[in-house]
Ligand code: BGC
């Protein structure tokens, strides 16, 4: 494999582009110039090195291997080290014992909250509420920074359409428009208006790029797609995060156009920096450089050089930069300027965080004791969680249930304290989460009796349960026979007035390296559910999951289904709030729920094909469909019920044609026709009927979350301009093409009112 030859001129142009796109801070430049003049090559390479150090304990910091490296100036930052004391100890080594006293940056996967845990990102996105999403990131930043952290590897903004992929739980679902809004909200929440404040932290847009499109939903797998699809369907959230000012970007593990992202110069430099104007630091994912050896891109020296040339600045864990770049430089395979540029970007991040002014800026013991896991933060997490739940079915008003009589709470997720936070809750103390059992009991007090039984283990297969309950998130597997466990549950079910079945996935059945080929509720739990239904009592399925599940059988048989994802540390209370009707559910799905796994990848904004199915039909020979299942999802994108009902009036357009520079207004009256107050996410979709490239059958272009009292009506208005109709054409030019457009407004992507207009 030949190395990319980067001429000095090209390189100078590159750094010129990068620098000219920054709002340069002259003082910062001066400071970093003078610091870099003093730095040796090894000290510069040291800045590019980001080891993980979760194991350092206070007092022992100075004896560790990483401590020696810090002293020698071979470390730029550390991640997943927790607590002010430990971080202060380690920072002290850097600023007192290393030659140039350059402070370290401290990162962590603060993904959905810190110690106060918010719902998993997929759940959070179902709130469609940018204010609460931004606030959740703000609170996470306040808590993390109070505990010594100044950099989070979040938000994860990968578009995901394949429910088999475990990491769908970490993102905001399948829609680029919604994903872009959420990316912005998260970046603003973490970084605030001034990064140097001691309670704001650097955010990181990840995983750049296309990680969510891994083939067969298998983690770390290959991705391959057209550039038109990248630009129109996958890039938007990354770009929005960059435009919101994200200070860092993480490379993805997968390849893009046959080149792993970490060595992909087109992606890291042409798209990210030249087209989007990103001027922050690019960090690799965990050992992503080293993994390029297995990808077949060369040995460690070669892949490290490729990564640097592509525009990567910091090497997470793998030490390829640290151990090989000196030799590559001597051999003329990379340039000094490339090392300098990477080093500069890391120093700039530290400068912007205020670490040179005060390396202990984020090490305030008092803050760590008073600002973390506070009552106010937990209250916010509880109300946010309640807004992330999605009511999938509610026949005959089975929900809400009343705080009286006897409630049987049954299922392996019912008393699952350690599981409530879901995947990626590195800083959480799992024992402090509120389980559903605890939440229900405290909600009913003395007004009702709550009887509990486990009913089944997570899975019949103990080894599968072990793989699905990692990192301390145990479900305390019951060693009795399945029959004995179930019998105990049926006994209490028979004594109760209503059954709440807490079933589904464990926290670690989704997340990294947690792909599934069967996306149903595990068989043993479904059998339990079937037995519970046979009692004839009303059954409410409280569904825990980190991905869309195939729920055809459940939908056909269970009267009420409340999808609660993993709601975070306060989930048990939040679920109780919704079950008893103290909070009316308002979440709307951000990923399509298929009928079965064979339909995935499944997403609402697909193309029409040349042989679409005629409306109302579910099978026709020689049409694009399946023999054994219709093309319909089980629950479409944007779907979610309420304890009240909303009626949509017809769409009123301000005009039926308009020209570039003008705008068109679409109005619809939404009425609450039920008996209780409720929130509704009013969704606007558009279809471009004829294009120079094929266009999706629907694309989300706007939404508004409104609250209506019983009997109240509100006119909701959307303004559409030419900008909203633009897409990347086959030359990757962002254009709007004149012609007919359909416009849809509704309660989800399927149930909509329709109108049309012309762009002249
Ligand atoms: C994940 C990233 C994460 C990193 C650091 C990787 O395995 O893909 O999302 O930020 O580890 O923990």
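The values are calculated or read from the model by the stated rules, or taken from the named source; none is laboratory data. Fair warning: this is a prediction, and the values are worked out from it, not measured in the lab. Cβ sites come from the backbone with ideal geometry, for glycine too, and all protein chains shown count toward neighbours.
When the range 631-645 is filtered for residues that are closer than 19 Å to residue 752 by Cβ and part of a loop (DSSP other than H, G, I, E, B), the ones remaining, listed by number, are 631, 632, 633, 634, 636, 637, 638, 639, 640, 642, 645.
Residue under question is residue 362, and the condition is that it be in a helix (DSSP H, G or I), under 29 Å from the mean Cα position of the chain (by Cα) and within 30 Å of residue 279 (Cβ to Cβ); does it hold? No; evaluated as a whole, the condition is false for this residue. Set side by side, the residues 189, 173, 245, 258 differ, and just one is under 23 Å from residue 313 (Cα atoms), modelled with pLDDT of 95 or more and in contact with a helix residue (DSSP H, G or I) (Cβ under 8 Å, 6 or more places away or on another chain), which is 245.
In the range 567-591, of all residues being touching a strand residue (DSSP E or B) at 6+ places or on another chain (Cβ under 7 Å) and assigned to a loop (DSSP other than H, G, I, E, B), the one that is surrounded by the most Cβ atoms within 10 Å (Cβ to Cβ) corresponds to 587. When we screen 164, 218 for residues that are surrounded by fewer than 24 Cβ atoms within 10 Å (Cβ to Cβ) and within 16 Å of the ligand (Cβ to nearest atom), the only hit is 218. Within the range 362-391, residues that are at positive phi have Cβ atoms under 6 Å from residues that are part of a loop (DSSP other than H, G, I, E, B) and modelled with pLDDT of 95 or more in these pairs: 373/115; 373/116, counting only partners at least 6 apart in sequence or on another chain. Within the set 102, 70, 111, the sole residue that is in a helix (DSSP H, G or I), at pLDDT 95 or above and crowded, with 20+ Cβ neighbours inside 10 Å turns out to be 70.
The requirement of being modelled with pLDDT of 95 or more, within 16 Å of the ligand (Cβ to nearest atom), assigned to a loop (DSSP other than H, G, I, E, B) and buried (at least 23 other Cβ atoms within 10 Å of the Cβ) is satisfied by residue 154. One residue stands out among those in the range 252-272 that are in contact with a strand residue (DSSP E or B) (Cβ under 7 Å, 6 or more places away or on another chain) and part of a helix (DSSP H, G or I): the one that is farthest from residue 304 (Cα to Cα), which is 272. Selection of strands (runs of 3 or more DSSP E) fully inside the range 646-740 by the criterion of at least 2 residues being touching a residue at least 40 places away in the same chain (Cβ under 8 Å) and more than 19 Å from residue 751 (Cα to Cα) returns 663-672, 713-721.
Does residue 173 meet the test of being more than 13 Å from the ligand (Cβ to nearest atom), within 30 Å of residue 347 (Cβ to Cβ) and assigned to a loop (DSSP other than H, G, I, E, B)?
Working: more than 13 Å from the ligand (Cβ to nearest atom): yes; within 30 Å of residue 347 (Cβ to Cβ): no; assigned to a loop (DSSP other than H, G, I, E, B): yes.
In short, no.
Among residues of the range 407-426 being closer than 25 Å to residue 532 by Cβ and surrounded by fewer than 24 Cβ atoms within 10 Å (Cβ to Cβ), the one that is farthest from the ligand (Cβ to nearest atom) is 415. Each residue in the range 426-454 was checked for being in a loop (DSSP other than H, G, I, E, B) and either farther than 17 Å from residue 574 by Cβ or modelled with pLDDT under 95 (or both), and 7 of them qualify.
Quickly run through the range 76-100 and pick out the residues that are more than 16 Å from the ligand (Cβ to nearest atom), within 18 Å of residue 427 (Cα to Cα) and touching a helix residue (DSSP H, G or I) at 6+ places or on another chain (Cβ under 9 Å). I'd like the intermediate steps shown before the answer.
Initially, the range 76-100 is screened for residues more than 16 Å from the ligand (Cβ to nearest atom), giving 83-100.
Now drop any that are not within 18 Å of residue 427 (Cα to Cα), which leaves 83-88.
83, 84, 85, 86, 88, listed by residue number.
Among the residues here, residue 350 does not qualify as in a helix (DSSP H, G or I) and over 28 Å from the mean Cα position of the chain (by Cα). Of all positions in the range 225-246, none carries a residue that is within 15 Å of the ligand (Cβ to nearest atom) and over 16 Å from the mean Cα position of the chain (by Cα). Remark: pairs (first residue in the range 236-261, without any contact (Cβ under 8 Å) to a residue 60 or more places away in the chain and over 18 Å from residue 275 (Cα atoms); second residue part of a helix (DSSP H, G or I) and away from the ligand (no atom under 14 Å from the Cβ); Cβ separation under 6 Å; 6+ apart in sequence or on different chains) = 260/292; 260/295. Any residue in the range 45-52 that is at pLDDT below 95, away from the ligand (no atom under 16 Å from the Cβ), buried (at least 16 other Cβ atoms within 10 Å of the Cβ) and in a loop (DSSP other than H, G, I, E, B)? No, the range 45-52 contains no residue that is at pLDDT below 95, away from the ligand (no atom under 16 Å from the Cβ), buried (at least 16 other Cβ atoms within 10 Å of the Cβ) and in a loop (DSSP other than H, G, I, E, B).
What number of residues within the range 372-395 satisfy the criterion of being assigned to a loop (DSSP other than H, G, I, E, B) and surrounded by fewer than 21 Cβ atoms within 10 Å (Cβ to Cβ)?
Residues of the range 372-395 assigned to a loop (DSSP other than H, G, I, E, B): 372-374, 389.
Checking which are surrounded by fewer than 21 Cβ atoms within 10 Å (Cβ to Cβ) leaves us with 372-374.
Number of matching residues: 3.
Of the residues making up the range 657-682, those that are touching a strand residue (DSSP E or B) at 6+ places or on another chain (Cβ under 7 Å) and closer than 15 Å to residue 719 by Cβ are 658, 663, 664, 665, 666, 667, 668, 682.
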